[in-house]
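Bear in mind that the values in this text are calculations on the coordinates, not laboratory data. As the structure is a computational prediction, the values presented were derived from the model and not from experiment. Cβ: placed from backbone, ideal geometry, glycine included. Neighbour counts: every protein chain shown.
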Amino acid sequence: MSVLPDPQVAYDLLAKYDISFDRLEHEAITSVRDTDIVLPGQQVKNLFLKGKKGKKFYLVILRDEKRADIHQLAEALDDKRLSFASDHYLEELLHVEPGVVTPFGVMFDTEQKVEVIVDTDVDHSESATVGFHPFQNTLTLNIKYSDFDHLMRALDHPIRVIEA
């Protein structure tokens, strides 16, 4: 894979939309299953899925302890079958590699091929925060969920909330 975007790209994006964040440094996290690191705020994981014909892509965000029901999710998305997207699509559409998937990557999806899905169990309240890697899995940026929602809309990737 080519070099991942520098974390500064995410900082600049947040600055552009006047979104404040808490920067948290930690050991590398490539999968929530493989870590016992506890960070402040609501912890989520990101799954990058593709539809059966490979023309629809979904960045699915859910609480880190939840397992996605891929069959139920496909039904809710009106797609016949979902599978994990290949490394090729991660790089092409989000400019990331496995273990560093982040919704900040939708800034590179100028053709809106990726739909951002947030599970209903993710806290959407005014005081809720969510944390995402800024293209580096030893850092997490915690932002208000409402700011995350605003950012996704600004990037032409409005969030769709469904049960995953």
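Sorted into 10 angstrom bins from 0, the C-alpha pair distances of the stretch 11-122 split as 12, 42, 37, 9 percent.
Separation of the alpha carbons by more than 19 angstrom is noted, of LYS113/LYS144; LYS53/LYS113; LYS56/LYS144; LYS80/LYS113, for LYS113/LYS144; LYS56/LYS144.
The C-alpha atoms of the stretch 78-164 occupy a region whose extents along the principal axes are 36, 34, 22 Å, arranged from largest to smallest. Full extension of the chain between GLU163 and ASP12 gives 51.2 nm of extra length, using 0.36 nm per residue less the Cα-Cα distance. In this label model, ASP22 and ARG153 are separated by 2.5 nm, measuring between points 7 Å along each Cα→Cβ vector.
Assuming 0.36 nm per residue, please report the length gained on full extension of the stretch ASP123 to LYS56 beyond their Cα-Cα distance.
Contour length minus Cα-Cα distance gives 21.5 nm.
Amide hydrogen proximity for ALA85: with H placed 1.01 Å from N in the peptide plane, the residues at 5 or more positions away or on another chain lying under 5 Å are PHE48, LEU49, LYS50. Between LYS113 and HIS88, the simple spin-label model (points 7 angstrom out along Cα→Cβ) gives 1.0 nm. Computed over the chain, relative contact order equals 30 percent, with contacts defined as Cα pairs under 8 Å that lie 6+ residues apart.
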